[in-house]
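Working notes, structure below.
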Amino acid sequence: MTNKTRYATLAGMVLCVFAVAITIGLFLGADAGSIPDWVAAIATVAAFGAAIVAARYAAGAFNLERDREGELLRAKRTAQASLVAAWPDRFIPNWQQQQSGPDIAYEGISGAVAMLRNASDVPVTNVHVDFTVVLNFADGTKAAELSYLGGEDLAVLPPGSEPREIKWFAPSPVMIPGVPTLG
């Protein structure tokens, strides 16, 4: 139903209600009144109808502006997010420093390092970095498996051209199949 059809239907309904009120008044023997009284009554009904139409247009304009504001905010966030990057760097091997003699390396990893870079002009807040290992098997007999190691939180990632290291340390050594960590 188009707007013109709606408004025509609304005007018809208002006229019908007005006609019913006049008919009831005439059957009950009410005084018909003077022409200025009728003009004032019709003007009041028309003003009420115009107020309803204006309110609907105002609500539509408000919703349109709210949607535009939301789109603008999403576009700004997307533009900033495209200037922020994160990538895995390396695993931290599991080793112990000896008081005398060479350090000893054990199997497994004791942590991981990720790099973050914010190339935008605005700092990024509430950053959470998940350290997850994707295990792909070379023979193709099994589907890839995800192994969640842990995560680190960063309150603020300031703007800068140099990447920033984020380290995660395991509470105990972690064994990852296929990841050489000795030596």
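Every number here is computed from the coordinates shown, using simple stated rules; none is lab data. Predicted model only: the values in this text are computed from it and were never measured. Counting neighbours? That spans all protein chains shown, and the Cβs are built from the backbone with ideal geometry, glycine included.
Spin-label pair Val122-Leu83: with each label point 7 Å from Cα along the Cα-Cβ axis, the two points sit 0.9 nm from one another. Shape class for region 42-96: prolate, because the ratio a/c of the largest to smallest gyration tensor axis (alpha-carbon atoms, square roots of eigenvalues) is 1.5 or more and a/b beats b/c.
If R0 equals 30 Å, the separation of the Cβ atoms of Val134 and Val156 corresponds to a calculated FRET efficiency of about 0.55. The label point for Asp67 and the one for Val14, both projected 7 Å from the Cα toward the Cβ, are 2.7 nm apart.
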